[in-house]
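Comments concern the structure below.
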Amino acid sequence: MAESISIDAVSKEYPGGNLALKDVSLVVEPGSFVVLLGPSGSGKTTLLRCLAGIERLTSGKITIGATAVAHDQLHIPPDKRNLSMVFQDYALWPHLRVRENVAFALRRSKLAKPDARARTQAMLERVGLGQLADRYPNELSGGEQQRVALARALVAGTGLILCDEPLSNLDADLRERMRVEISALVRESGATAVYITHDQAEAFALADQIGLLQDGRLVQFGRPEQIYTEPATPFVARFTGLSGELAVRVAGQDAASADSTVEIGHDGSALLRPCRARTSASWASGGEGMLLVRPTGIHLGGITAGDHHLTGTVADVAFRGRGYEHAIDISGHGRLTGVFAPFRAQRGDTVGLRLDPAGCHVFPVAARDHAATANGQAAATNGHAAASNGHAATVPLSDVGPEFAPPAQQH
Amino acid sequence: MVSRPGAGQLTATVSTKRPGPASAGPGRRGKLASHARRLLRGRSVGGLIGKPIFWILLVLFILVPCASSLLLTISPHLFDQQAPGQGPQWFTLTYLRQAFTGATAIAITNSLWVSGAAAGLGLVIGFPIAWLTNRTTLPGRQFVFPSMWLILLLPSWLPALSWVRIVQVDGVIYKLGLNWPWLSHLIMGPFGVVLLLGLRSVPFTYLAITAGLAGLGQEFEDAARVHGASRAATLRLIWPMLAPAIWSALAINFAEAISDFGVAATLAYQSNFTLATYQLYADISNFPPSFPSASAMGVLLVAAVAIPLALQARALRGRSYQMLSGRTRQAVRRRLTTRGKITAMSGLGLFYFVSLAVPAFGAVSTSLLKNFGSSFSISFANYRALFHQADQLGPLYRSLAYGAIAATVTVAGGLIAAWLLAQRRQKSSRLLDFLLLAAVALPGVVFAAGYIFTFNLPIMSRLGINLYQTATLLVIAYIAASLPTNARVLVGPVSQLQPSLRDAARAHGAGEMLAWARGVLPILSRPLLMAWLLTFTGVFLELPISQLLYAPNNPPLSVAIEDNLSNYATNFGVGMAQSVFAAAIAMAAVGVVLGGYRLLAPAGWRRIGVASRG
């Protein structure tokens, strides 16, 4: 039966004073597939290991189902939490055969030997390794080892499956195939899954919900579409894929607009004409901001029609099968990357760029990257993102996240 | 069109390189030149000449002595001219058969069971020490590693002699008024031999198990716990993953114990408990010598060393214990309870007491007893004698020089051998691998016997190789005996070297030598230094080869100490003072070399060593 998870104000400090988790709170619905996304050192692995019981909390509380498994005075060991896990390096015991590795997870089910054997074999068949049950892990390819680790996690039918960057050791082609298999098999099992990765494309492809971590804090938690279309902080926007950034001045906020857009003037920026952008902040006229532009928010065209917001010079062009991606230099304001067009613009050409409000997000110049609310909880993007305040360095146009192509991109 | 200034010059240069009339046709000189170019293609002249010389030296000083030490038993006539009366047979199994009867059979039986027991004892003591220092918060664990090296560096005869002096009937304990004949009987017999050989095996076990634990990442334990295994069940699941380390420790322990000469020639001999290595020595040094019998014992010893290696191979056959992880998560240290700490430290303390403190006390106290005999009065008379008696310091200087020369040449040769071994694809490197492995397994006393058989042959004289009973041959034997171990120690670091390091230096204008010196040597400096120290300390106090091959009137240190000690009435105390002084010199040399490296080596060199240790 799928388990719910409640993580309440969890902090973890390692000996030596390294605060790996800071006041993280999160609720995971039974049967959902949650991906914790963040860069190296953001605390996602620590959070997963705290869930597994491999690490002890410093403070806070974790509840799995109806049972509190960890708080200040309690630490239920991993073997008593009735969960399973896929490890980054698979952690297959090299002296046990494939069958024995998988069957190990059935020990606590106390099944009769023939039943356990049959269930192990059935699971191995399900992951396509029925013929390889008697092999040792070193006799398998990377992808096969990954399947064994997955089979071991699934065979006992636990209500919670944890996955610690399970695809990071595979090559690109195999990674994509295994991602589909993991998604299908875990959902078929009905278990709740918590999966960690630093790859935003993998996170968007797998998740029902994504939790974004930065420096030990959960900065946003929500559906992939919400994370992409309503990033709570500049960090979230940058980490989930940008073409570039542009210093702008806000001309005014449309109070009547349902999706909180602002009118951006062209004073002091590279903009030739005003454009609209989404925001989660309240703006006064003339406020300075950073315009963060998604690849989906730029349309490349000529300059004769006169409907473009920016002009630039094509610095590079790359054929991507379904079309072309361009890098465009905006004179004096840096570079926009991943600018898609179904046609090839030649290097050195002057082009016009039209900005789409759906892919443009404006944050106050002083926006703090941690979109923390007063109680430290993550911004829950249920349509209203958290207010941002604080400070961040003003960066000119940059080339963050050029390779990310979001699922909703249409050209 | 704009002409480029360099273009004309380039054309001119190319045209001068064209073959002139003399080499244009397929003449004899042209053929020779092209043949030479083919030979030299991609190789330096040094490499072309150096490799055959290396192989010739290897064959002459390792392969031939090893082979003759084993061959003599089945073909004594081959060696009849050097020691007439050995036997007229070109082929016979008589001596091998004889080895299974009488004193030889007793000696080899003793060696077999004693070595087996010592290997087991070494594992039983070494495994917990390795576990405690690597996986728990044991206080003072950082001192365990250097202390293990200290035990390794001291020759086995030193603690054995100390124990003898402490427990023998008129020994130190009796002088202290402790009338404990039971202890004398216990130590002066098989138990004492097993105990000392077992304690000597502990560092080998410690190093092997530590290496095994280092590869055993935390995730294997985590995976077991997450999937429902209790702490005890996790341990049961994990320990077979250490099987390679355990088997390797047992094999090394057994091989080291059965080929040991130091304990065999001291404690075991004085307890009338004959071991195979001493029997072999006696066969050669007694009059008349029986070379074929010694050779038969050598064959049995080598066969005995093969037993644990075969068992190890059998146990691990078809299994891979390769840790799959490239990103092994460092294991978490278990916090010991106060009771756990007390128990662990008491056990460790007992180990150091028996293996280091008692021998140190025995040696120092004996060296400080005047005219070792009736009373227990402390005096520095033995040390005064050491510095004033004629020819007591000569052997010390001699062994220091032998050690330094042998270590330097061995490290250079070991590096070449390791480099050749790392070229796995070549057939010659596989042959070298086998040859060096076989030589590692050959006990020192068998090796030295092979030198006597080989370099005493009339054919050597006819070839102009008159090395028998010279210091040169002794040093060559030291080098040849140390080279296989040295090459094995260095092959790891050499294999890990990225070829691109040297290639990058070459591509950026460095010659072959400079590329090695600048691009490779700094990275290998620490392993090379450790290999040098290992050889130096080993040679400085080496016994079996020294005993059999030293040049008359020029005894090395260990032989001089043995001579003093055997002259029980007058020079025993001087011998012990000499031992203590020698051990102190060996430790001081290690300190000076390591300290010198720390102070003088460029910071970048030291960083590499530290990083690779971490």
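The values are calculated or read from the model by the stated rules, or taken from the named source; none is laboratory data. In this text, all values refer to a predicted model and were calculated from it rather than measured experimentally. Glycine also receives a Cβ, built like all others from the backbone with ideal geometry; neighbour counts cover every protein chain displayed. Remember, those area values only see protein heavy atoms, side chains included, never the ligands or the DNA or RNA. Shrake-Rupley method; radii C 1.70, N 1.55, O 1.52, S 1.80 Å.
Some points to look at:
- Beta bridges per DSSP, both residues in chain A: antiparallel share near 75 percent.
- Efficiency of FRET from Cβ geometry, B:F380 and B:S566, R₀ 25 Å, rounded to 0.05: 0.65
- The angle between the Cα long axis of helix A:172-189 and the main principal axis of chain A comes to about 60°, on a 0 to 90 degree scale.
- Contact order relative to length of segment B:91-319, as percent, for alpha carbon pairs under 8 angstrom and 6 or more apart: 32 percent
- Placing a label point 7 Å from the Cα of A:S183 along the Cα-to-Cβ direction, the residues of segment A:201-236 with a backbone N closer than 15 Å are A:201-210, A:224-225.
- ³J(HN,Hα), Karplus 6.51/-1.76/1.60, whole Hz, each residue of segment A:208-223, x for Gly, Pro: 7, 9, 10, x, 9, 10, 9, 6, x, 10, 8, 9, 7, 9, x, 5
- Relative contact order of chain A, defined on C-alpha pairs under 8 angstrom at six or more residues apart (%): 16 percent
- Computed lengthening from B:Q142 to B:A603, 0.36 nm per intervening residue step minus Cα-Cα distance: 163.6 nm
- Sequence-separation-based contact order of segment A:5-229, relative, with Cα cut under 8 Å and 6+ spacing, percent: 29 percent
- Charged side chains reduced to their Cβ positions (Lys and Arg at +1, Asp and Glu at -1) give segment A:10-119 a dipole of some 560 debye around its Cα centre.
- Among A:T350, A:L37, A:L129 the positive-end extreme of the charge dipole of chain A (Cβ point charges): A:L129
- Peptide A:78-86 shows a mean partner chain C-beta count of 5 within 10 Å per residue C-beta.
- A cut-off under 15 angstrom between Cβ atoms defines the neighbours of B:S259, and their net charge, with Lys, Arg +1 and Asp, Glu -1, is -2.
- Nearest-ten-degree value, helix A:142-155 long axis tilted from longest Cα axis of chain A: 70 degrees
- Nonpolar atom fraction for segment A:5-229, defined as the carbon and sulfur part of the 1.4 Å probe accessible area, stands at 47 percent.
- Estimated dipole of segment B:388-614 in Debye, rounded to 20 [Cβ of Lys and Arg +1, of Asp and Glu -1, Cα centre]: 1060 debye
- Cα gyration tensor category, rounded, prolate or oblate, for segment B:388-614 with a/c compared to 1.5: oblate
- Annotation: amide H of A:L310 within the under-5 Å range of A:L272, A:L353, sequence separation 5 or more or interchain, hydrogens built in the peptide plane.
- Positive contributions from Lys and Arg (+1) and negative ones from Asp and Glu (-1), summed over other residues with Cβ under 14 Å from the Cβ of A:G348, come out at -1.
- 1.4 Å probe, heavy atoms, protein only - residues of segment A:94-120 losing at least 30 Å² accessible area vs chain alone: A:P94, A:H95, A:F104, A:R107, A:R108
- Each of B:T408 and B:T470 was given a label point 7 Å from its Cα along the Cα-to-Cβ line. The distance between the two points is 1.9 nm.
- Å² of accessible area per residue within segment A:131-200, as computed with a 1.4 Å probe and no ligands counted: 34 Å²
- Annotation for segment B:445-470 versus segment A:30-44: alpha-carbon center distance of 73 Å.
- With a Förster radius of 56 Å applied to the C-beta separation of A:K80 and B:L463, the computed FRET efficiency comes to 0.15.
- Accessible surface buried at the B:A interface totals approximately 2500 Å², computed with a 1.4 Å probe on protein heavy atoms.
- Label-point gap, in nm, between B:W55 and A:R273 - each point 7 angstrom along Cα→Cβ: 8.2 nm
- Taking 7 Å steps out from each Cα toward its Cβ at B:F191 and A:T58 produces label points 5.5 nm apart.
- 3J(HN,Hα) along segment B:560-567: 4, 4, 4, 4, 4, 5, 6, 8 Hz, from the Karplus curve 6.51 cos²θ - 1.76 cosθ + 1.60 with θ = phi - 60°, whole Hz, x for Gly and Pro.
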